[in-house]
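A short write-up of the structure that comes next.
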Amino acid sequence: MFRLDGKLALVTGGSRGIGRATALALARQGAAVVVNYASNQTAAHSVVEEIRAAGGTAESLMFDVSDSAQVDDAIGDVVKRQGKLDILVANAGIAIDGLLLRLKDDDLDRLMAVNLRGPLACARAAMKSMVRARQGRIVFISSVIGEIGNAGQAAYASSKAGLLGLCKTLAREYGSRGITVNAVAPGLIDTDMTSRLDEPARKTISGTIPLGHFGKPEDVAAAVVYLVSDEAAYVTGHTLRVNGGMYV
């Protein structure tokens, strides 16, 4: 089950955290993987080498998802070279926290450019090939914060909530072309974004999670694998929560 042999997948922000785990998981199921990164070439190459060492196929590709011209050129080049793009996992994202009254326009613009406009641009570029092929899988990595909100994260919550609306809309627009569009909303996951929390804060937060602990990037990756597989062919416009019961 969940095999992806012969499929080509692009994972944005694939050099670390959830993106890294997703790239590795897709490769284990047989997909060839394009690992996107914006700046950390060493980390991206490490993911590629790990996939190749396990007998898989992978390459790294640098582009900034917030620059639509770079997105169009990069994805267009992938399709030209490979002849297709079957799977897009729009994972790249940043967090800039702060109360709304203290939020600077530059920070707001940067966050929205990466977290919302970036996935939209990637989906738009990927759709061109998918529409022609009359098949494709798109998964947006949102967040539990986009569903419940969180003090001090007005911009981040807005960007992640926006992905849920984008997911539902694209599911309606392109379902007739054989393309499914879904989202995964992770809860508190052990990544670079949560590593800044000290131990007392982690314990306090863990106490609010029914399962009692943070999740792993691999937990999110497993959800993505399901959504892009043939077994999820009749699932679209859906948000799959991987949050340990933090929001149900």
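The values are calculated or read from the model by the stated rules, or taken from the named source; none is laboratory data. Computed from a predicted structure; not experimentally measured. With ideal geometry, Cβ positions are generated from the backbone for all residues, glycine too; neighbour counts draw on all protein chains shown. The area values use the complete protein model at the heavy-atom level, side chains included, leaving out ligands, DNA and RNA. Shrake-Rupley method; radii C 1.70, N 1.55, O 1.52, S 1.80 Å.
So the values come out like this:
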| item | result |
| --- | --- |
| Residue in segment 1-39 that is least open to solvent (accessible area, probe 1.4 Å), counting only those that are within 16 Å of Glu50 (Cα to Cα), in a loop (DSSP other than H, G, I, E, B) and in contact with a Leu (Cβ under 7 Å, 6 or more places away or on another chain) | Ala31 |
| Where Gly55 falls short, out of the listed (1) without any contact (Cβ under 8 Å) to a residue 60 or more places away in the chain; (2) out of contact with any Lys or Arg (no Cβ under 9 Å at 6 or more places or on another chain); (3) on the phi < 0 side of the Ramachandran plot | (3) |
| Check on Lys160, crowded, with 24+ Cβ neighbours inside 10 Å, among the basic types (Lys, Arg) and touching a residue at least 12 places away in the same chain (Cβ under 8 Å) | yes |
| So Leu61, is it modelled with pLDDT of 95 or more and part of a strand (DSSP E or B) | yes |
| Residue check, Phe2 among the aromatic types (Phe, Trp, Tyr) and under 21 Å from Ser129 (Cβ atoms) | no |
| Odd one out for Gln82, checked against (1) open to solvent by 20 Å² or more (accessible area, probe 1.4 Å); (2) closer than 19 Å to Phe140 by Cα | (2) |
| Residue list for segment 195-220, filter: closer than 30 Å to Leu170 by Cα and either in a strand (DSSP E or B) or of a type in the set (Ser, Thr, Tyr) (or both) | Gly215 |
| Selection within segment 203-225 - open to solvent by less than 80 Å² (accessible area, probe 1.4 Å) and either among the hydroxyl-bearing types (Ser, Thr, Tyr) or in contact with a Phe, Trp or Tyr (Cβ under 7 Å, 6 or more places away or on another chain) (or both) | Ser206, Val225 |
| The listed residue being open to solvent by 20 Å² or more (accessible area, probe 1.4 Å), more than 17 Å from Thr22 (Cβ to Cβ), under 18 Å from the mean Cα position of the chain (by Cα) and not charged (D, E, K, R), out of Ala69, Ala53, Ala95 | Ala95 |
| Matching option when the condition is in contact (Cβ under 8 Å) with a residue 24 or more places away in the chain, surrounded by fewer than 18 Cβ atoms within 10 Å (Cβ to Cβ), under 18 Å from Asp64 (Cα atoms) and not hydrophobic (A, V, I, L, M, F, W, C), among Arg110, Arg117 | Arg110 |
| Test for Ala157: is it farther than 17 Å from Thr22 by Cβ and touching a helix residue (DSSP H, G or I) at 6+ places or on another chain (Cβ under 7 Å) | yes |
